[in-house]
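J.: Handing you a structure now.
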Amino acid sequence: DAMVIQNPRYQVTQFGKPVTLSCSQTLNHNVMYWYQQKSSQAPKLLFHYYDKDFNNEADTPDNFQSRRPNTSFCFLDIRSPGLGDAAMYLCATSRDRQTQYFGPGTRLLVL
Amino acid sequence: GENVEQHPSTLSVQEGDSAVIKCTYSDSASNYFPWYKQELGKRPQLIIDIRSNVGEKKDQRIAVTLNKTAKHFSLHITETQPEDSAVYFCAAGRSGDKLIFGTGTRLQVFP
């Protein structure tokens, strides 16, 4: 079953302690997205990769970085998490830059 | 900037009744309109999508209609069941560009 996988599913970190979330896909899609979603709000796009081409949203804080070492994997790094960064982080992939398939998400808690 | 308005924000129906959710978009160049269903704590799941060369699309109990002139599209769920209870997000996008999400509709289906 081709899919989008996110690890870990739950992550607890301390205020200011760097954290990395990972996403992998077996769909061989060339586009990967990272979204932040807070309590039933719409997902908010942070950035996306089209192959190795990185596209940052204008309002994404500098605290958020991303890496895509190969087609299958993409990482979200939060350099200094604040309380306001507690959220669900969703990874999505696309083959055609339109239809997007979401992973199960990582719920981040900042203490 | 681009914007998608979604109404209503909450919708309660009796099991077996129909539910309709409406979205209006601002970017006339949008040509792709997906609908996502998100159950509590789970990923947004693509349930149906429509492209601008089609006015209506059906998949069993769900259908989507698109009016490009008025720039609005709607989700119709017939014969609702308790398992249809979730938050539904509409989105709009143009080829090769990001999706703009609506604010979501919380649908509750009462037995």
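J.: Taking 7 Å along the Cα-to-C-beta vector as the label spot, tell me the B:Ser95-B:Glu15 distance in nanometres, rounded to one decimal.
T.: 4.6 nm
J.: Obtain the nm distance between the two label points defined at A:Asp62 and B:Thr103 by a simple spin-label model: each point lies 7 Å from its Cα along the Cα-to-C-beta direction.
T.: Distance between label points: 3.2 nm.
J.: Another question about this same structure. If you place +1 on the Cβ of every Lys and Arg, -1 on the Cβ of every Asp and Glu, and leave all else neutral, what size is the dipole of the protein assembly as shown about its Cα centre, to the nearest 20 Debye?
T.: That gives the protein assembly as shown a dipole magnitude of about 340 debye.
J.: HN-Hα J couplings of region B:78-91 from phi, Karplus 6.51/-1.76/1.60, θ = phi - 60°, integer Hz, Gly and Pro as x?
T.: Per residue, the Karplus-derived 3J(HN,Hα) values read 9, 6, 4, 10, x, 6, 7, 4, 4, 9, 10, 10, 8, 8 Hz.
J.: What residues qualify as long-range amide H neighbours of B:Ala91, i.e. H under 5 Å apart, gap of 5 or more or another chain, H built at 1.01 Å from N?
T.: B:Gly102
J.: Tell me, what ³J(HN,Hα) does each residue in region A:67-73 have, in order and in whole Hz, if you take phi through Karplus 6.51 cos²θ - 1.76 cosθ + 1.60 with θ = phi - 60° and put x for Gly and Pro?
T.: Couplings: 9, 9, x, 7, 4, 7, 10 Hz.
J.: Taking every pair of alpha-carbon atoms in chain B, what share in percent sits in each 5 Å bin, from 0 to the bin with the longest distance?
T.: 2, 13, 25, 25, 19, 10, 4, 1, 0
J.: At B:Glu39 and A:Leu83, where each label point lies 7 Å from the Cα along Cα→Cβ, what is the point-to-point distance in nanometres?
T.: Once both label points are built, they end up 3.3 nm from each other.
J.: Still on this structure, I have one more. Quick one: pull the percent of accessible area on the protein assembly as shown belonging to carbon and sulfur, 1.4 Å probe, ligands and nucleic acids left out.
T.: Carbon plus sulfur share of accessible area: 48 percent.
J.: What is the gain in length, in nm to one decimal, between A:Asn55 and A:Ser40 on full extension, counting 0.36 nm per residue of separation less the C-alpha to C-alpha distance?
T.: Computed gain between A:Asn55 and A:Ser40 is 2.9 nm.
J.: Sequence gap of 8 or more, or different chains, plus Cα separation below 17 Å: how many lysine pairs satisfy both in chain B?
T.: The result is 9.
J.: Using a 10 Å Cβ count of at most 16 others and DSSP loop calls, identify the longest part of chain B lacking such GluC sites (Glu not before Pro).
T.: In short, B:40-78.
The values are calculated or read from the model by the stated rules, or taken from the named source; none is laboratory data. Worth saying up front: this structure is predicted, and the values here are computed from it rather than measured. Because the Cβ atoms are built from the backbone with ideal geometry, glycine has one as well, and the counts that use them run over all protein chains shown. Ligands, DNA and RNA are excluded from the accessible area calculation, which covers all protein heavy atoms including side chains. Shrake-Rupley method; radii C 1.70, N 1.55, O 1.52, S 1.80 Å.
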